[in-house]
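So the structure is just underneath, and the comments pick up after that.
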Amino acid sequence: MRHLRTYGDAGQAFPVYITVVGGLLFLAFAYFAVGQAAANRNGAQTAADAAALAAAQDRRDQLAGAWVQNVLDPTRWQDIFDGKADGLGLSCWRADQLAALNDAAVLSCLPDGALGYTVVVETNDTVGDSIVPGTEDKKSQEKATAVIEPRCGFELPTEAAEKDTLPLLTCEGKEWELDPKDPEELLPEPEDLFDVHLAD
């Protein structure tokens, strides 16, 4: 009789065991689906960050070029440091390049004021098949904004010295003494003039 009771208990426990294992498997697949979605979103955010930074860096390089062209006219420096210069082109082509390198496509790319870009991207890949309905066709979209900050300050020379002197340019503690007779002898690089970073 004892043996029969033991087998009876085992028979009753088996359905419970199957139910528990089935529940654990369902949770495992659910966590896997969540992980797939999170990885896809992370990929989209990485692509958006890279695209926004690339666009902002291209704008920074254009502003630095405008500053070099106007280095002998200090009255125009501040406008350039404020993001205002003639002949600036859109920089979204760089956003497209970096998004593509990160397996994504740019949905929108817009200047964020004079000193920044906001980019929205979408992943090329979907989240993939999972136990969650609809994920097989779902793509992730993310947005990022990169800003350009001038790193330099200066004081315009007096009228008496204006023709013979260029302002002392101070960029994050480093001083640049520019010679008006040979201003291109030693010029700061774009990264000396402007900082580019993601917006907080």
Tally, over region 47-85, of residues that are more than 24 Å from ASP179 (Cα to Cα) and not basic (Lys, Arg):
13
Here the residues within region 66-77 that are in a helix (DSSP H, G or I), without any contact (Cβ under 8 Å) to a residue 24 or more places away in the chain and either touching a Pro at 6+ places or on another chain (Cβ under 9 Å) or loosely packed, with under 15 Cβ neighbours inside 10 Å (or both) are GLN69
Pairs, please: C-beta under 6 Å, at least 6 apart or cross-chain, first residue more than 9 Å from VAL119 (Cβ to Cβ) and among the hydroxyl-bearing types (Ser, Thr, Tyr) and in region 92-107, second exposed (fewer than 15 other Cβ atoms within 10 Å of the Cβ) and at pLDDT 95 or above?
none
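Yes/no per residue for (1) at pLDDT below 95; (2) of a type in the set (Asp, Glu); (3) under 19 Å from GLN78 (Cα atoms); (4) loosely packed, with under 15 Cβ neighbours inside 10 Å:
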residue: SER108; (1), (2), (3), (4): no, no, no, yes
residue: GLY116; (1), (2), (3), (4): no, no, yes, no
residue: SER130; (1), (2), (3), (4): yes, no, no, no
residue: LYS143; (1), (2), (3), (4): no, no, no, no
residue: PRO150; (1), (2), (3), (4): no, no, yes, no
residue: LEU156; (1), (2), (3), (4): yes, no, yes, yes
residue: LEU178; (1), (2), (3), (4): yes, no, yes, no
residue: ALA199; (1), (2), (3), (4): yes, no, no, yes
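The values are calculated or read from the model by the stated rules, or taken from the named source; none is laboratory data. This one's a predicted model, so the numbers in the text were calculated from it and none came from an experiment. Reconstructed Cβ throughout: ideal geometry from the backbone, glycine too, with neighbour counts over all protein chains shown.
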